[in-house]
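Structure first, then comments.
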Amino acid sequence: MTDYKVRIINGNTGTAAKTRALVESGNGQQRWTTVGVSTNILEASYQAVVQGLEYGLLLHFQAEKALKI
């Protein structure tokens, strides 16, 4: 994880406001950003982090597969 940002969407709705978490990740060669949205900041953050890890693993395995061809 190289960056983490949180934004409140529709803040005028009080505790029902949605939170958008943006997580920027990288592997030394590429960077990508993932997003999580929820009324719970922890859930939104968790979604974004998990998506970032999954995408990073996908890139890793695609690169490995390309080297074996």
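Across the stretch 37-69, what is the total count of residues that are small (G, A, S) and more than 13 Å from M1 (Cβ to Cβ)?
Total meeting the criteria: 4.
Mind listing whichever residues of the stretch 1-48 are out of contact with any Phe, Trp or Tyr (no Cβ under 9 Å at 6 or more places or on another chain) and of a type in the set (D, E, K, R)?
Those that are out of contact with any Phe, Trp or Tyr (no Cβ under 9 Å at 6 or more places or on another chain) and of a type in the set (D, E, K, R): D3, K5, R7, K18, R20, R31, E43.
Restricting to the stretch 13-69, give me the number of residues that are aliphatic (A, V, I, L, M), outside any helix (DSSP H, G or I) and under 15 Å from the mean Cα position of the chain (by Cα).
To start, the set of residues in the stretch 13-69 that are aliphatic (A, V, I, L, M) comprises 16-17, 21-23, 35, 37, 41-42, 44, 48-50, 53, 57-59, 63, 66-67, 69.
Narrowing the set further to residues that are outside any helix (DSSP H, G or I) leaves 17, 21-23, 35, 37, 69.
Within this subset, residues satisfying the condition of being under 15 Å from the mean Cα position of the chain (by Cα) are 21-23, 35, 37.
So the answer is 5.
List the pairs whose first member sits in the stretch 34-50 and is under 10 Å from K18 (Cβ atoms), whose second member is part of a helix (DSSP H, G or I), and whose Cβ atoms are under 6 Å apart, counting only residues at least 6 apart or on separate chains?
Partner pairs satisfying both residue conditions: V37/A44; S38/A44.
Where a number appears in this text, it was derived from the coordinates with a stated rule and is not lab data. For clarity, every value in this text was computed on a predicted model and none was experimentally measured. Note that each Cβ is placed from the backbone with ideal geometry, even for glycine, and that neighbours are counted across all protein chains shown.
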